[in-house]
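Reading through the structure tokens given below for one structure.
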Amino acid sequence: MKQYIIKGGNKLSGEIKVKGAKNSALKIIASTILTKGENKISNVPQINDIKKMMDILKDLGVNIKKNQSGSFLINTDNISKTDIDEKKGKDLRASIILSGPLLARFKKATIPYPGGCLIGKRPIDIFINGLQSLGAHCEEKNNKYYFTTKQLHGAIFVFPKISVTATETMIMAASIAEGTTVLKNTAQEPEIIELAKYLNKCGAKIKGAGTSIITIKGVKRLLANKTKIMPDRIEVGTFVIMGLLTKSAIKISNCLPEHLETFLLMIKKAGGKLEIGKNFIKTLPTKKFNPVNIITHEYPGFATDLQAPFTLLMTQAEGNSLIHDPIFNGRLFFTDKLNQMGADIIMCDPHRAIVKGPTHLFGKNVDSPDLRAGITLVLAGLIAQGTTTIGNTYQIERGYENIIQRLKNLGAKIYAK
Ligand code: EPU
């Protein structure tokens, strides 16, 4: 099992280019099931979650090739099955989004139970109820969900709770359903706007993506097109915190700061010094940080995916901060690892923690519990005194491409063994 070894304490400098967004690429790749012909998708991040999604699709009969410029050519014309491989599907929670396009095009889809997840219980009731409202039947047996339909038809569906992937699944399903679908209380993430934009380019009739009401006029079939994956806003936020924590001047380029408004507001409150351009952010050495209370929220609120690195930043602030993450049940358990490294964080309940700062961190042997907590441990290692060894690095590589080399290029003392 690969480990990361980090020697903490040195400053970083230079430029880091943001890669394509994992949570946009996964959905756009899945949406190609709705199209006829060859899709060309560029700026796809080379990360474990994308490889898994492509493996699942290849197993269904999808043709995926990489061209010389690094774009992926995806043709789903010859899909020969609609049951997702059990092992592959279970390994990737996002495989559930395939239910929408498979059901809409083939009238059936078999999805393995997504299973437990390290960041907490993640039910799929909204996906099931949503697809049922469009006329699907869902049977649960042998740890699988069997979705079938005679024909999906338009409906009004109100999300009982805002869900990113359920919104995307319903957009895909409704795109080629018969009639008009109105989705209410939808998630508004930029990744959803990107998905709708791509589907519209392919001939779909989707209005309102990026708001809480989305209307989709079903069409017969979509025609393949091409697109470039947007920059990963979670990478941007992670690197901003990395620059601030290490008191370094680094340039984070190829990004869209407009996707991080609430996050940047909280960084400003914390006293983090930044220079923000249209498509870059520069971190400036900041001596002292203020404590800031945050609550994670659906977009445009503070992203739950940036809670872990922000919690780490607060271990260096002068005073107490309250971190409240109501979205998932298990996203604060990693604070235990930061405490092992010298932080002083008290978990009040699964959703709230009080961080007492500033604390001195020390290198330790820690395992990466999940993707966002994992990269946070890497950042902790960069400011800790001594050597930090991180295990279970597979989790980190689910979402951060070539991270060792990219951090080395900034001068970080990090290597994998
Ligand atoms: N929920 C239900 N029932 C459902 C679906 C969701 O109760 O059927 C609940 C969840 O348990 C959670 C809340 O609704 O409490 C919101 O979850 P959501 O469905 O929005 O999360 P998701 O779509 O599964 C996506 C991202 C996550 C990100 C969340 C929140 C993808 C592939 N994943 O997950 O990203 O944290 O939205 O923004 O887009 C990550 O990249 O590390 C990651 C976990």
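Taking the condition of being touching a Phe, Trp or Tyr at 6+ places or on another chain (Cβ under 9 Å) and buried (at least 22 other Cβ atoms within 10 Å of the Cβ), how many residues in region 394-409 meet it?
The qualifying residues number 2.
Output the strands (runs of 3 or more DSSP E) that fall wholly within region 82-192 and possess 1 or more residues being modelled with pLDDT under 95 and within 29 Å of N392 (Cβ to Cβ), or say none.
Fully inside region 82-192 and qualifying: 108-112, 144-148.
Across region 368-392, what is the number of residues that are surrounded by fewer than 21 Cβ atoms within 10 Å (Cβ to Cβ) and closer than 23 Å to S248 by Cβ?
Of the residues in that region, 4 qualify.
A quick yes/no check of all residues on (1) on the phi > 0 side of the Ramachandran plot; (2) among the hydrophobic types (A, V, I, L, M, F, W, C):
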site	(1), (2)
T148	no, no
G154	no, no
V164	no, yes
S175	no, no
N185	yes, no
E194	no, no
K197	no, no
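Taking the condition farther than 18 Å from G8 by Cβ and in contact with a His (Cβ under 6 Å, 6 or more places away or on another chain), does R352 pass?
Yes.
Could you pull out the residue among I28, I41, I6, I64 that is surrounded by 17 or more Cβ atoms within 10 Å (Cβ to Cβ), under 30 Å from M242 (Cα atoms) and over 19 Å from the mean Cα position of the chain (by Cα)?
Checking each option against the conditions leaves just I6.
Based on what the data block shows, is L274 in a strand (DSSP E or B), surrounded by fewer than 21 Cβ atoms within 10 Å (Cβ to Cβ), in the same structural domain as L379 (by TED's automatic domain parsing) and out of contact with any Pro (no Cβ under 8 Å at 6 or more places or on another chain)?
Yes: the conditions hold for L274.
With the requirement that a residue be within 16 Å of the ligand (Cβ to nearest atom) and more than 23 Å from G381 (Cβ to Cβ), what does region 295-323 give you?
Across region 295-323, the qualifying residues are I295, T296, H297, E298, Y299, P300, G301, F302.
Just to check your reading of the model, which residue among E38, E15 is away from the ligand (no atom under 13 Å from the Cβ), assigned by TED's automatic domain parsing to the domain that holds T148 and acidic (D, E)?
E38
Find the residue count for region 368-417, including only residues that are of a type in the set (D, E) and either free of Cβ contacts under 8 Å to residues at least 12 places away in the same chain or outside any helix (DSSP H, G or I) (or both).
Selection size over region 368-417: 2.
Tell me, please, whether a residue that is under 22 Å from the mean Cα position of the chain (by Cα), of a type in the set (F, W, Y) and under 30 Å from T180 (Cα atoms) can be found in region 102-113.
The answer is yes, given that some residue of region 102-113 is under 22 Å from the mean Cα position of the chain (by Cα), of a type in the set (F, W, Y) and under 30 Å from T180 (Cα atoms).
With respect to L183, determine if the residue is within 16 Å of the ligand (Cβ to nearest atom), without any contact (Cβ under 8 Å) to a residue 60 or more places away in the chain, surrounded by 23 or more Cβ atoms within 10 Å (Cβ to Cβ) and not small (G, A, S).
yes
Going through region 336-367 one residue at a time, which ones are surrounded by fewer than 19 Cβ atoms within 10 Å (Cβ to Cβ), more than 16 Å from the ligand (Cβ to nearest atom) and in contact (Cβ under 8 Å) with a residue 12 or more places away in the chain?
Within region 336-367, Q340, G342, D344, M347, I354, K356, P358, T359, H360, F362, N365, D367 qualify.
The values are calculated or read from the model by the stated rules, or taken from the named source; none is laboratory data. Here the structure is a predicted model, which means the values were calculated and not measured. Neighbour counts run over all protein chains shown; Cβ positions are idealised from the backbone, glycine included.
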